[in-house]
Amino acid sequence: MKVEVSRAGAVETITLNRPEVLNALDQETKAAYLAALRKAARDPEVRAVVLSGSGRAFCAGEDLKSHPEGVPRSFRHSLVSGYNPIIQTIVEMDKPVIARLQGVAAGAGLSIALAADLRIGTDATRLIAAFSRIGLVPDSGLSQTLERFVGPGVALELFYTARPMEAAEAVRWGILNTVVAADQLDATVASWAQDLAAGPTLAFALTKQAVRRAYQASLSDQLSYEAAAQELAGASADHREGVSAFLAKRAPRFSGR
């Protein structure tokens, strides 16, 4: 299978499984990946999602070998029907999403990684905005997401030169939340994901929406949104449990409701 899905408690892991081509994405893989993401987004039993890749890479982006040379193709159609729904599903998912980056994330693979909420890497992690190497422009949201991390000057440098960003630099820019030894990656990702899955799911979803909309909102609009979101969170069972646990000086047992 080109995309594998596994479940551990309330954590769902979606793994690109084409290690022989660094998990590059052909049409079949993109369709299966989108279906798995949408299923996880709808499933109330899933409270955190991990995006992973098998082998030594996260994802090398588009599988160029899947397109016969010289045969015309619509890049717009490829994005509108393939990549854009993948990015939107990840970003709009009402649950935390972690990208497990054990190696290279290039091109659209980098776009997918930056669409996640959190990213955990190793010293072998390399982030490459590789589009200019084949005469293309950044897509799948990367012109927005990368610029938000590093600013327009550095983003344009990375887009123009397509140089690899090493793990240490990615940490400095806040792109990688943490870097761990390769043999600790799975345990670290699992620990983070399990902690998030045990958290207040509704509050996380509202927080994710607040951060996402803050880029375009005015301060007054954002203050109004926060007030409305807090009203919803304040009426949740998780809020009541959090207060009870605080007063009883015990760890909260959140239900996600």
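Which value, in debye to the nearest 20, describes the size of the charge dipole of the chain about its Cα centre when Lys and Arg Cβ atoms bear +1, Asp and Glu Cβ atoms bear -1, and nothing else is charged?
My answer is approximately 280 debye.
Which value in deg cm²/dmol, rounded to the nearest 500, describes the helix-derived mean residue ellipticity at 222 nm for the chain, given -39,500 (n - 2.57) per DSSP H run of n ≥ 4 and division by the residue count?
-14000 deg cm²/dmol
Given q = 0.13 Å⁻¹, what are the Debye log10 I(q)/I(0) values for the range 201-248, with equal point scatterers placed on the Cα positions and solvent ignored?
For the requested q values the scattering log ratios are -0.35.
Assuming 1.002 mPa s and 20 °C, estimate D for the chain with Stokes-Einstein, Rh taken as the Kirkwood radius over Cα pairs, in µm²/s.
Once the numbers are plugged in, D ends up at 112 µm²/s.
Over the alpha-carbon set of the range 111-204, divide Rg by the Kirkwood Rh and report the Rg/Rh ratio to two decimals.
Rg/Rh for the range 111-204 comes to 1.02.
What is the pair-distance distribution P(r) of the range 149-257, computed from all Cα-Cα distances in 10 Å bins starting at 0, with each bin given as a whole percent?
Spelled out bin by bin, the range 149-257 gives 12, 26, 29, 25, 7, 1 percent.
Within the chain, how many Lys pairs that are eight or more residues apart, or on different chains, come under 17 Å at the alpha-carbon?
Value for the chain: 7.
Quick note: the coordinates plus some simple rules give every number you see, no bench work behind them. None of the values given here were measured: they were computed from a predicted structure. Cβ coordinates were reconstructed from backbone atoms using ideal geometry, including for glycine residues, and neighbour counts include every protein chain displayed.
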